[in-house]
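Contents: one structure, followed by commentary.
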Amino acid sequence: GKWEFVFGWLLPHGVTEIPAVLIAAQAGLVIGGCLLKPSGSRIASFRNKLGDLVALIFGAALLLVWSGLVESFLSQYHEPAIPYSWKIIFGVVELILLIAYLGLSGQEKNQSEEVQQDAAK
């Protein structure tokens, strides 16, 4: 019964909180790249990466806000208030949706780049 408790408590908010921390770390690496290996001047390098940085930072912030809400209103309630199986199912659904979103995001951009490359040939 201990594993069910641990997964029921951590899974609902952990599946979005851990990727948020990793995405924030990626934003930090992008900033570090702009400082240490700028393409041209550092300011120009930041301007080139600004769209990516905004997407990473706001994406991580949204994930952290969602994680906080889930932790406050779902993870802290234990059986019999909310069955652990429901919380585990909620966490698995969150994980599947997050993987699908992150896996499919950018597909349209990549496909349009391929079409442009094919048109150039």
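Spatially, the stretch 66-112 and the stretch 1-39 are offset by 14 Å when compared through their Cα centroids.
For the chain, the 222 nm mean residue ellipticity estimated from helices alone, with every DSSP H stretch of n ≥ 4 adding -39500 (n - 2.57) and the total spread over all residues, rounds to -29000 deg cm²/dmol. Computed about its Cα centre, the charge dipole of the stretch 37-121 is approximately 480 debye, with only Lys, Arg, Asp and Glu carrying charge at their Cβ.
In summary, the helical segments of the chain meeting the span-like criteria, namely a full DSSP H run, a Cα extent along the axis of 15 angstrom or more and a mean Kyte-Doolittle hydropathy of at least -0.5, are 2-36, 42-70, 84-104. When each of the peptides 7-13, 26-32, 98-104 is scored by how many other beta carbons lie within 10 Å of its residues on average, the order from highest to lowest is 7-13, 26-32, 98-104. Calculated FRET efficiency, Leu36 to Leu62, Cβ-Cβ distance, R0 = 25 Å: about 0.35 to the nearest 0.05. Taking the 1.4 Å solvent-accessible surface of the stretch 12-121 as the whole, the part contributed by carbon and sulfur is 68%. May I ask you to work out the translational diffusion coefficient for the chain at 10 °C, viscosity 1.306 mPa s, via Stokes-Einstein with Rh from the Kirkwood sum over Cα pairs, reported in whole µm²/s? Roughly 94 µm²/s, to the nearest whole number.
The values are calculated or read from the model by the stated rules, or taken from the named source; none is laboratory data. For clarity, every value in this text was computed on a predicted model and none was experimentally measured. So basically every Cβ, Gly included, is an ideal-geometry build from the backbone, and we count neighbours across all protein chains shown. SASA here: full protein model, heavy atoms, side chains in, ligands and nucleic acids out. Shrake-Rupley method; radii C 1.70, N 1.55, O 1.52, S 1.80 Å.
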